[in-house]
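> The structure is given below, and queries will be raised subsequently.
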Amino acid sequence: MEIKLMGVLYNVLLHNAQTIFDSASPQAEKIKGLTNGFIWASSAVMLLVVVLSVYIPVKFRAKTGTAEPKQTGGNRKLEMLMIGIPMLLVIGFFFWSLSVMSAVLPARDNRKPDVIITGHQWWWQADYPAAKVTAANEIHLPVGRQLLLQLNAADVIHDWWVPALGGKMDMIPGVTNYLWVTINKPGIYEGACSEFCGQQHAWMRIRVVAQQPVDYKRWLAANALAGKAPTDSMAKAGQALFVNASCSSCHSINGSGAKGLQGPDLTHFGSRTTMLTGLMANNPENLYRWLSDPQKVKPGANMPRFIFGRDSLRALTAYLSHLK
Ligand code: CUA
């Protein structure tokens with residue numbers, strides 16, 4: 001029997017909550033099982049303690065007219081039980097945890113990572129080494145395959161956690177961590193950076209787009225292509241601005257000449273449904289707002305404010321939005 005209460009409570013209180021009780025991977029399923037085990041065992045212990053601490057004072061309270069009962073000390077059997085039961089519980093959970101850990105984090109055996117995910121203040125970079133694709137923020141993964149994620153950090157400690165997909169893993173500068181994930185069914189899986197990493201930590205959302213292998217392959221192939229060349233004059237002007245102004249010193253757009261590595265790769269920016277790590281929907285209005293005053297939209301972000309006129313802002317918006 002499962003404890004669904006926590007999951008239900010979460011979903012009632014917070015719409016679309018991220019909860020381990022909605023597991024969508026064998027790894028998350030194992031973690032959920034262990035968590036349920038802990039909840040059941042600790043609830044049973046708590047119930048026993050509460051019941052006894054109510055029952056005993058009531059049952060054995062002093063009654064008028066009765067003498068003080070015989071005082072005793074030491075009871076080997078009782079003491080063995082009091083020490084033995086908790087010890088058995090702890091030992092049991094120790095081995096159960098070990099088995100879950102080895103199932104969730106099996107040996108890597110020199111296997112190359114399928115995706116390298118790097119945490120930045122405050123966005124996610126996703127590199128697909130085999131396909132030579134770099135994406136940002138919306139992380140596409142195929143379902144039905146055991147995937148190895150390599151986790152790195154570019155600046156400070158971040159932490160990768162998509163509860164429905166299992167393990168949680170720190171991303172530490174100078175250290176390479178790995179995480180296995182097998183996704184059962186297609187869908188959008190939300191997560192969040194789980195290590196405080198500065199002003200915009202709360203908006204360092206994770207969005208995993210799990211796809212059928214054919215759709216995933218199509219996405220990968222589309223993302224391996226260079227950014228679409230602009231056709232209308234507005235977008236063309238936007239591209240010229242992007243490449244010649246400072247944008248290109250921080251951002252890459254494959255095929256345009258912009259090769260900056262500080263900020264997210266924007267080669268297929270227009271194909272993402274959200275922008276600014278899940279802060280808002282990706283549409284021209286929000287993009288225009290962001291470009292006109294980044295610090296107002298996402299305070300603390302590394303994107304400086306450039307003083308562009310309205311026409312330039314419109315041109316940049318047109319160019320970036322067309323990069324599907
Ligand atoms: Cu990255 Cu918190």
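> Looking at (1) crowded, with 18+ Cβ neighbours inside 10 Å; (2) farther than 23 Å from residue 22 by Cβ; (3) touching a Phe, Trp or Tyr at 6+ places or on another chain (Cβ under 8 Å), which is the one condition that is false for residue 206?
Failing condition for residue 206: (2).
> Of all residues in segment 294-324, which are within 25 Å of the chain's Cα centre (by Cα), in a helix (DSSP H, G or I) and among the polar types (S, T, N, Q)?
The answer is 295, and nothing else.
> Please list, ordered by first then second residue, the pairs with beta carbon atoms under 6 Å, 6 or more apart or interchain, first in segment 310-324 and over 10 Å from residue 288 (Cα atoms), second among the polar types (S, T, N, Q).
Filtered contacts from segment 310-324: 319/239; 324/271.
> Sticking with this one: With modelled with pLDDT of 80 or more, within 29 Å of residue 148 (Cβ to Cβ) and open to solvent by 90 Å² or more (accessible area, probe 1.4 Å) as the only criterion, which of 60, 38 stands out?
Exactly one residue qualifies, and that residue is 38.
> Here are some residues: 109, 127. Which one is among the acidic types (Asp, Glu), within 37 Å of the chain's Cα centre (by Cα) and open to solvent by 100 Å² or more (accessible area, probe 1.4 Å)?
Answer to the check: 109.
> May I pose another question? I want to confirm something. Restricting to segment 154-202 and keeping residues that are within 14 Å of the ligand (Cβ to nearest atom) and without any contact (Cβ under 8 Å) to a residue 24 or more places away in the chain, which single residue is surrounded by the most Cβ atoms within 10 Å (Cβ to Cβ)?
Going through the qualifying residues, I end up with 169.
> Can I ask one more? Can you tell me which residue is surrounded by the fewest Cβ atoms within 10 Å (Cβ to Cβ) among those in segment 269-286 that are in a loop (DSSP other than H, G, I, E, B) and free of Cβ contacts under 8 Å to residues at least 60 places away in the same chain?
283
> Another one. Out of (1) within 15 Å of the chain's Cα centre (by Cα); (2) open to solvent by 20 Å² or more (accessible area, probe 1.4 Å), the odd one out for residue 232 is which?
Residue 232 satisfies all of (1) within 15 Å of the chain's Cα centre (by Cα); (2) open to solvent by 20 Å² or more (accessible area, probe 1.4 Å) except (1).
> Inside segment 289-324, can you point out the residues that are under 26 Å from residue 201 (Cβ atoms), in contact with a Ser or Thr (Cβ under 7 Å, 6 or more places away or on another chain) and open to solvent by 40 Å² or more (accessible area, probe 1.4 Å)?
Once the filter is applied, which keeps residues that are under 26 Å from residue 201 (Cβ atoms), in contact with a Ser or Thr (Cβ under 7 Å, 6 or more places away or on another chain) and open to solvent by 40 Å² or more (accessible area, probe 1.4 Å), segment 289-324 yields only 306.
> For segment 62-98, which positions are out of contact with any helix residue (DSSP H, G or I) (no Cβ under 7 Å at 6 or more places or on another chain) and either touching a residue at least 60 places away in the same chain (Cβ under 8 Å) or of a type in the set (Lys, Arg) (or both)?
Across segment 62-98, the qualifying residues are 63, 70, 76, 77.
> Further question on the same structure: Since residue 266 meets every condition but one in (1) surrounded by fewer than 14 Cβ atoms within 10 Å (Cβ to Cβ); (2) part of a loop (DSSP other than H, G, I, E, B), which condition does it not meet?
Residue 266 satisfies all of (1) surrounded by fewer than 14 Cβ atoms within 10 Å (Cβ to Cβ); (2) part of a loop (DSSP other than H, G, I, E, B) except (1).
> If I filter segment 127-137 for residues that are closer than 23 Å to residue 205 by Cα, within 16 Å of the ligand (Cβ to nearest atom) and not hydroxyl-bearing (Ser, Thr, Tyr), do I get at least one hit?
Scanning segment 127-137, I find at least one residue that is closer than 23 Å to residue 205 by Cα, within 16 Å of the ligand (Cβ to nearest atom) and not hydroxyl-bearing (Ser, Thr, Tyr), so the answer is yes.
The values are calculated or read from the model by the stated rules, or taken from the named source; none is laboratory data. Worth saying up front: this structure is predicted, and the values here are computed from it rather than measured. Ideal geometry is used to build each Cβ from the backbone, glycine not excepted, and the neighbour counts take in all protein chains shown. Side chains are part of the model used for accessible areas, which takes the heavy atoms of the whole protein and leaves out ligands, DNA and RNA. Shrake-Rupley method; radii C 1.70, N 1.55, O 1.52, S 1.80 Å.
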